[in-house]
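Take a look at the structure below.
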Amino acid sequence: MKVSIFGLGYVGCVTAACLARDGHEVTGVDVMASKVKRMDEGLPTVVETGIDEIFAEVKSQGRLRATTDGRAAVLETDVSIICVGTPNARDGSLDLSYIKATANLIGQAMMEKSERHVVILRSTVPAGTCENVVLPALHSDNPYSYLFDSDLVIVPEFLREGTAIADYYDPPFVVVGTASGLPDNNREVIQRLFGSVTDSIEWVPYREAEVLKAICNVFHALKVSFANEIGSFCHSVGVDGKTVMGLLVKDQKLNISPAYMRPGMAFGGSCLPKDLRMIVNLASRNAVDLPLLRSILPSNDAHLRRAIEMIPINGSRKIGLNGLAFKSGTDDLRESPIVIVAEHLIGKGYDLKIHDPAIEVSRLGGANQDFIEKHIPHLANRMVSTLDELIEHSEILLVTRDGDVISERAADLGRKPTIIDLRGKPAYVKKPMPMLENILQHPATKAMAILKQNGNGNGRGNGEHARKSANGRNGRRNSAVAA
C-alpha cells in the first residue's frame, strides 16, 4: 500500500522503516526540513537498534522517501498515519495542537480526493480525542455522520526505546480502536498493514484504545516504583531485595498474572490489610519512607467511598445487599469492605436485608462473631436465606458478585429493582459521543440521507471538492485495499 506518515520522531521513524521493510511505499512527512532531508538521504531520524540497516535496505529499494508537503503526501497515498508529538502541558495534560493541525491538513487534502482515504492515529492521546478533535478536523462539515462509515481508526503503539524494532515485529497484540468498537470497513487496510506481525488484532471502541497506551505505561511505572520500594524496605531489614523479587515474579499464578487485575470492589479480608500495615510500620521504624505502599490503604478507602456514593438517594428505603464476606466462597467477614457498606446503610436508617450463601449466622464465631457484634448488631434479623427473598424485599439491589444471575432472577420474578453493581460497572459510563438524535438532526446528515435514498448520496456535498457518492464508496474502498 501507499502510506504517508506524519511526524518523523521516534514512533513515526520506526513505523515508517518497518512498513517500508514489509513492502509498502512509505512517504514520511514532517515540518522540520532537517528530518525530511535526513530521511530522504536514507538515514533514520532517531537512534535505535537495527534501524540503520533497515533504512539502508528500503532506501536502496526505493520504498521510502520524505517531504514537507503534507497535502501532496495525502493525495499520493491510500493511508495516512498520524505520529506527531503530544507533549505535556504545564498542568500535566497533553498538548493536542499538533494532532489537530495535522488532522486539519489531512482533512483538507482528503476533500480533493475521490478515493477513500484511511487515517490511522498512532500518537498517544487522552480518551475522547478521536471523536472530539480528530474527526471534527478531518470532516468539518459534519464529523459525526462519519461515525457510521468512519475512515478513522486508532492503533496505539507499544514500542520501547532500544528494542522498538523487535517490539514492532513481536507485539503482544495489535489494538485497533473504531467508532463502533468492532471491525469496520477499514479492516482489510489494518490487516494489510499490521496483520503480518501478529494474529491477535483486538478491536475496541476509540476511547479504550486511546487510554490503553497511557495505562500500560502507568502500570510499568508502578512496577518499577513497587520494586524499588520493596528493595529499600528489604535493605532496611537486612534482606536481599533482588532475591525476594526474583522469587515473587516466579509466581505466575497470582503475582505475575491476570489475578487481582480486574476492576471491582475494594480489597479486604484477614491478610492483605494486615500485612500491608505491618510492612509500612516496620519501614517507618527503620526511617524508610514508602510513599507508594503507604498510599495503598488510603486508595482502597477512597475506592470504597466511591462505591457507597453509587447508592442513589432517591427516597427508596428498602435495600438488598448481595454478599457480605470480603469475597465469594468464604464466610470471612474480617475487614470486609461490604460490611462497611452495610454498616453505613444501617446508620442511615435504611431497611437493609442481606443474602450471602456462605454465611450462616448460627455458625459464626470467634473473630467473625466479634466483628459482627461491633459492626452489624442484630445480623440475624437482616439476613435472608434465599436470593428470591432478597429480590422480593428490595427497591434498590446492591450487587457485589454474581450480577448477571441476580439480574436474570429479578426478571424471572417480574421485579424491577434499581440494580447497582458496587464493583463499578454502572459507574462506568463512557462520555457519550454526540447523541444519535443530534447527529441525525444535523442538516448535513439529513441532506446526505436524502441523497442516499435517491441513489446519489454524497457525504461532503456537490461542490468543487466533493467526495464521491455513497454508491461509489464500496468501489473506492476496494480499490484502496487492492492498491
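The values are calculated or read from the model by the stated rules, or taken from the named source; none is laboratory data. Just so we're clear, the structure is a prediction, and the values are computed from it rather than from any experiment. All Cβ positions, even for glycine, are placed from backbone atoms using ideal geometry, and neighbour counts span all protein chains on display. Keep in mind that these areas ignore ligands, DNA and RNA; they rest on the heavy atoms of the full protein, side chains included. Shrake-Rupley method; radii C 1.70, N 1.55, O 1.52, S 1.80 Å.
Give me the residue from segment 237-262 that is among the β-branched types (Val, Ile, Thr) and in contact with a helix residue (DSSP H, G or I) (Cβ under 9 Å, 6 or more places away or on another chain) and, out of that set, surrounded by the fewest Cβ atoms within 10 Å (Cβ to Cβ).
First pass over segment 237-262, keeping only residues among the β-branched types (Val, Ile, Thr): 237, 239, 243-244, 249, 256.
Among the residues that remain, those that are also in contact with a helix residue (DSSP H, G or I) (Cβ under 9 Å, 6 or more places away or on another chain) are: 237, 239, 243-244, 256.
Values: VAL237: 13, VAL239: 13, THR243: 10, VAL244: 14, ILE256: 12.
Only one residue fits best here, namely THR243.
Is it the case that VAL211 is more than 28 Å from the chain's Cα centre (by Cα) and either over 24 Å from THR400 (Cβ atoms) or in contact (Cβ under 8 Å) with a residue 24 or more places away in the chain (or both)?
Numbers: more than 28 Å from the chain's Cα centre (by Cα): no; either over 24 Å from THR400 (Cβ atoms) or in contact (Cβ under 8 Å) with a residue 24 or more places away in the chain (or both): yes.
The answer is no for VAL211.
Being surrounded by fewer than 16 Cβ atoms within 10 Å (Cβ to Cβ) and hydrophobic (A, V, I, L, M, F, W, C): is that true of ALA179 here?
Values: surrounded by fewer than 16 Cβ atoms within 10 Å (Cβ to Cβ): no; hydrophobic (A, V, I, L, M, F, W, C): yes.
The answer is no for ALA179.
Being out of contact with any strand residue (DSSP E or B) (no Cβ under 9 Å at 6 or more places or on another chain), of a type outside the set (A, V, I, L, M, F, W, C) and either without any contact (Cβ under 8 Å) to a residue 60 or more places away in the chain or more than 22 Å from GLY177 (Cβ to Cβ) (or both) narrows it down to one of GLU48, GLU76, GLU25, so name that one. Give the steps one after another, and end with the answer.
On the way: GLU76 fails: out of contact with any strand residue (DSSP E or B) (no Cβ under 9 Å at 6 or more places or on another chain); GLU25 fails: out of contact with any strand residue (DSSP E or B) (no Cβ under 9 Å at 6 or more places or on another chain).
It is GLU48.
ASP95 - would you say it is within 20 Å of the chain's Cα centre (by Cα), open to solvent by 50 Å² or more (accessible area, probe 1.4 Å) and acidic (Asp, Glu)?
Values: within 20 Å of the chain's Cα centre (by Cα): yes; open to solvent by 50 Å² or more (accessible area, probe 1.4 Å): yes; acidic (Asp, Glu): yes.
In short, yes.
Of the conditions (1) under 29 Å from VAL175 (Cβ atoms); (2) assigned to a helix (DSSP H, G or I), SER232 satisfies every one except a single condition; which number is it?
Looking at each condition in turn, SER232 falls short on (1).
Quick one: ALA137 ticks every box in (1) in contact with a Gly (Cβ under 6 Å, 6 or more places away or on another chain); (2) within 17 Å of VAL14 (Cβ to Cβ) bar one, so which box is it?
So the condition that ALA137 fails would be (2).
Please verify whether segment 358-380 includes one or more residues that are outside any helix (DSSP H, G or I), open to solvent by 30 Å² or more (accessible area, probe 1.4 Å), over 18 Å from SER270 (Cβ atoms) and of a type in the set (Val, Ile, Thr). Working first, answer last.
Here is the first cut: in segment 358-380, the ones outside any helix (DSSP H, G or I) are 358-360, 364-365, 376-378.
From what's left, open to solvent by 30 Å² or more (accessible area, probe 1.4 Å): 358, 360, 365, 377-378.
Applying the additional criterion that residues be over 18 Å from SER270 (Cβ atoms) yields 360, 377-378.
With the extra rule that they be of a type in the set (Val, Ile, Thr), the set shrinks to none.
There is no residue in segment 358-380 that is outside any helix (DSSP H, G or I), open to solvent by 30 Å² or more (accessible area, probe 1.4 Å), over 18 Å from SER270 (Cβ atoms) and of a type in the set (Val, Ile, Thr).
Examine segment 210-218 for a residue that is open to solvent by 20 Å² or more (accessible area, probe 1.4 Å) and outside any helix (DSSP H, G or I), and state whether such a residue exists.
no
Can you tell me which residue within segment 115-127, out of those that are open to solvent by less than 20 Å² (accessible area, probe 1.4 Å) and modelled with pLDDT of 95 or more, is farthest from TYR206 (Cα to Cα)? Spell out how you get there, then give the answer.
Residues of segment 115-127 that are open to solvent by less than 20 Å² (accessible area, probe 1.4 Å), as a first pass: 116-123, 125.
Those still in the list that are modelled with pLDDT of 95 or more too: 117-123, 125.
On the way: HIS117: 18, VAL118: 15, VAL119: 13, ILE120: 11, LEU121: 10, ARG122: 12, SER123: 13, VAL125: 11 Å.
The extreme case among them is HIS117.
As an exercise: evaluate CYS234 against (1) open to solvent by less than 50 Å² (accessible area, probe 1.4 Å); (2) out of contact with any Phe, Trp or Tyr (no Cβ under 9 Å at 6 or more places or on another chain); (3) of a type outside the set (S, T, N, Q); (4) at pLDDT below 95 and give the number of the one condition it does not meet.
All conditions pass for CYS234, except number (4).
List the helices (runs of 4 or more DSSP H) that sit entirely inside segment 275-354 and contain at least 1 residues that are closer than 29 Å to ARG409 by Cα, of a type in the set (A, V, I, L, M, F, W, C) and open to solvent by less than 30 Å² (accessible area, probe 1.4 Å).
Numbers: elements: 291-294, 296-309, 337-347.
Because the criterion is at least 1 residues that are closer than 29 Å to ARG409 by Cα, of a type in the set (A, V, I, L, M, F, W, C) and open to solvent by less than 30 Å² (accessible area, probe 1.4 Å), the helices (runs of 4 or more DSSP H) in segment 275-354 that meet it are 296-309, 337-347.
Would you check if ARG21 is modelled with pLDDT of 95 or more, farther than 17 Å from GLU157 by Cβ, open to solvent by 10 Å² or more (accessible area, probe 1.4 Å) and basic (Lys, Arg)? First the steps, then the outcome.
Numbers: modelled with pLDDT of 95 or more: yes; farther than 17 Å from GLU157 by Cβ: no; open to solvent by 10 Å² or more (accessible area, probe 1.4 Å): yes; basic (Lys, Arg): yes.
Considered against the rule, which asks whether it is modelled with pLDDT of 95 or more, farther than 17 Å from GLU157 by Cβ, open to solvent by 10 Å² or more (accessible area, probe 1.4 Å) and basic (Lys, Arg), ARG21 comes out as no.
Of the residues SER180, SER225, which is out of contact with any Asp or Glu (no Cβ under 8 Å at 6 or more places or on another chain), at pLDDT below 95, polar (S, T, N, Q) and on the phi < 0 side of the Ramachandran plot? Don't jump to the end; show me each part of the working.
Details: SER225 fails: at pLDDT below 95.
Result of the check over SER180, SER225: SER180.
For the subset of segment 187-202 comprising residues that are without any contact (Cβ under 8 Å) to a residue 60 or more places away in the chain and hydroxyl-bearing (Ser, Thr, Tyr), which member is farthest from ALA127 (Cα to Cα)?
THR198
Please work out if VAL84 is buried (at least 24 other Cβ atoms within 10 Å of the Cβ) and in a helix (DSSP H, G or I). Give the steps one after another, and end with the answer.
Numbers: buried (at least 24 other Cβ atoms within 10 Å of the Cβ): yes; in a helix (DSSP H, G or I): no.
Against the criterion (buried (at least 24 other Cβ atoms within 10 Å of the Cβ) and in a helix (DSSP H, G or I)), VAL84 does not qualify.
Being assigned to a loop (DSSP other than H, G, I, E, B), of a type in the set (Val, Ile, Thr) and under 29 Å from LEU152 (Cα atoms) is the filter here, so list the residues in segment 37-52 that pass it. Don't jump to the end; show me each part of the working.
Taking segment 37-52 as the starting set, the residues that turn out to be assigned to a loop (DSSP other than H, G, I, E, B) are 41-50.
Checking the rest, the ones that are also of a type in the set (Val, Ile, Thr) come to 45-47, 49.
Correct list: THR45, VAL46.
Within segment 187-199, work out how many residues are more than 17 Å from SER4 (Cα to Cα) and either open to solvent by less than 90 Å² (accessible area, probe 1.4 Å) or part of a loop (DSSP other than H, G, I, E, B) (or both).
5
Out of curiosity, is ARG90 among the charged types (D, E, K, R), in contact (Cβ under 8 Å) with a residue 12 or more places away in the chain and either surrounded by 15 or more Cβ atoms within 10 Å (Cβ to Cβ) or farther than 29 Å from ASN185 by Cβ (or both)? Explain how you work it out, then say what you get.
Working: among the charged types (D, E, K, R): yes; in contact (Cβ under 8 Å) with a residue 12 or more places away in the chain: no; either surrounded by 15 or more Cβ atoms within 10 Å (Cβ to Cβ) or farther than 29 Å from ASN185 by Cβ (or both): yes.
Answer is no for this residue.
Can you tell me how many residues within segment 102-121 are in contact with a helix residue (DSSP H, G or I) (Cβ under 8 Å, 6 or more places away or on another chain), of a type outside the set (Lys, Arg) and in a loop (DSSP other than H, G, I, E, B)?
4
Considering only residues that are of a type in the set (Asp, Glu) and assigned to a loop (DSSP other than H, G, I, E, B), look in segment 53-81 and name the one that is most open to solvent (accessible area, probe 1.4 Å).
Going residue by residue through segment 53-81, those that are of a type in the set (Asp, Glu) are 53, 57, 69, 76, 78.
Those still in the list that are assigned to a loop (DSSP other than H, G, I, E, B) too: 69, 76, 78.
On the way: ASP69: 68, GLU76: 101, ASP78: 27 Å².
Ranking the qualifying residues of segment 53-81, first place goes to GLU76.
Could you check segment 143-186 and list, in sequence order, the residues that are in contact (Cβ under 8 Å) with a residue 12 or more places away in the chain, under 21 Å from VAL3 (Cα atoms) and among the charged types (D, E, K, R)?
Result: ASP149, ASP151, GLU157, ASP184.
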